[in-house]
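Notes to accompany the following structure.
The values are calculated or read from the model by the stated rules, or taken from the named source; none is laboratory data. None of the values given here were measured: they were computed from a predicted structure. Note: ideal-geometry Cβ built from the backbone for every residue, glycine included; neighbour counts use all protein chains shown. Note: accessible area is taken over every heavy atom of the protein model, side chains too, but ligands, DNA and RNA are not part of it. Shrake-Rupley method; radii C 1.70, N 1.55, O 1.52, S 1.80 Å.
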Amino acid sequence: MNIEDKYKDIFISAVLTMHNEELYLGQCIETVLGQDHKNFEFIIVDDGSTDKSCEIVESYNDDRVRLYKNYQDYIQSLNLAISKASGKYIAHVDADDIMYKSRFTEQIHYMEQHHNIDISGAFMESFGRLNTDYTAPTENLRIISDLLWAVQIFHPVMMFRTSSLIHHHMKEQLYNPQCPLCEDYDLLVSSALKGMSFGNIPEKLVHYRLSEKQLTCAKSKQIKYYMLQIRKIYYDYIVSSLLNCNIENYKHAIQSLGDRYACKEISKNGYLQGISNLYYQYLTETR
């Protein structure tokens, strides 16, 4: 039995939030409807578009497509999409990306084989302004520790275990309205603090479009501000965990990293990576 047939009865949800995405939306929808896994609902929430985005969605005669219209509040629209989802797994889709035909199948297979994983991702390759590969750690504890200095599961290829979201009371409001420009980083850090588990498939499953329209280009200063706020929360939690574990080696190691950073022997990123490495060591010893 091939992998597509093995999981064909598993019903999942694909969720997409859009705002004035007419330029690339049709291409994205085609790659969703063309997935080799066919058993899904496609929930699309329009976030106050003034272009032809809704017309494009309504032009598809496919019972799997469900369009909801919301006023312009991106985080609320993201949460609305998740709240409407009824599948065993929920796949996030960005409105201007192109998915590999096997994306759903590969992620379902991974989640079925790893029952402890709450949120999964995969590698990506970008196109548009820049062509590059996006990779990240694949192992849960490494992902958790490395969240200190960067996102470790890419939003365009996230998949959630619905039962985990319900268990952690996140199904109705997965994304934090107080972090409108880096909701994915806040989501991952919040999930880590709740004790959730992560994994990445070491395969590229999404073509990630880089364009001048993206918030990551237009509002980089604001994004940096929100990311620093989230990082500080996680940093404080990690350092507190290390200092309160009654292992002197961690206290000395933190002090040494701090001294080296103060003397400019290492950069800020070097310091953060050092702390994340200590936390990874701590996690491997305590979990």
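Things to note:
- Seen from all directions on average, segment 184-255 presents a Cα convex hull projection of 7.4 nm².
- Stretch in the chain that is longest and holds no chymotrypsin sites (Phe, Trp or Tyr not before Pro) that DSSP places in a loop and that have at most 14 other beta carbons within 10 Å: 72-287
- With q set to 0.12 Å⁻¹, the log10 of I(q)/I(0) for segment 1-117, from the Debye formula over equal scatterers at the Cα positions, is -0.42.
- Counted residue by residue at 0.36 nm each, then reduced by the alpha carbon distance between them, the extension gain from ASP133 to HIS252 reaches 39.1 nm.
- GNM top mover of SER191, SER256, SER77 - the chain, alpha-carbon springs below 10 Å: SER256
- Gaussian network model of the chain, Cα within-10 Å springs - most flexible of ASN140, ASN249, ASN39: ASN249
- Largest to smallest accessible area among HIS252, HIS169 [probe 1.4 Å]: HIS169, HIS252
- Euclidean distance of C-alpha centroids, segment 143-211 and segment 39-55, integer Å: 22
- Gyration tensor verdict on segment 66-188 (Cα atoms; rounded if a/c is under 1.5, prolate if a/b is larger than b/c, oblate otherwise): rounded
- Each Cα pair under 8 Å and six or more residues apart adds its separation to the average, and for the chain the resulting relative contact order is 19 percent.
- Rg ratio (alpha-carbon, reference 2.2 N^0.38 Å) - segment 1-67: 1.22
- Using the Cα coordinates of segment 50-132, the gyration tensor eigenvalues translate into equivalent-ellipsoid semi-axes of 25, 19, 14 Å, sorted from longest to shortest.
- For segment 98-257, the direction-averaged projected area of the alpha-carbon convex hull comes to 11.0 nm².
- Among LEU210, LEU187, LEU147, residue whose mean-square fluctuation peaks in a GNM of the chain (springs only between Cα atoms under 10 Å): LEU210
- Partner lysines for LYS69 [C-alpha distance under 26 Å; skip if fewer than 8 residues away on the same chain]: LYS38, LYS52, LYS84, LYS88, LYS171, LYS213, LYS219
- Inter-label distance for GLN72 and CYS263, nm, one decimal - labels placed 7 Å from Cα along Cα-to-Cβ: 5.4
- Residues in segment 115-145 reached by a label modelled at ILE233 [backbone nitrogen below 17 Å; 7 Å Cα→Cβ]: 144-145
- Debye equation applied to the C-alpha atoms of segment 160-207, log10 I(q)/I(0) at 0.17, 0.21, 0.33 Å⁻¹: -0.59, -0.84, -1.23
- For LEU193 and ASP5, the difference between the fully extended length at 0.36 nm per residue and the C-alpha to C-alpha distance is 64.0 nm.
- For a paramagnetic label modelled on SER220 (point 7 Å from Cα along Cα→Cβ), amide N atoms under 18 Å away belong, within segment 175-189, to 181-182.
- Under 16 Å from LYS224, Cα to Cα: lysines that are on another chain or at least 8 residues apart: LYS232, LYS268
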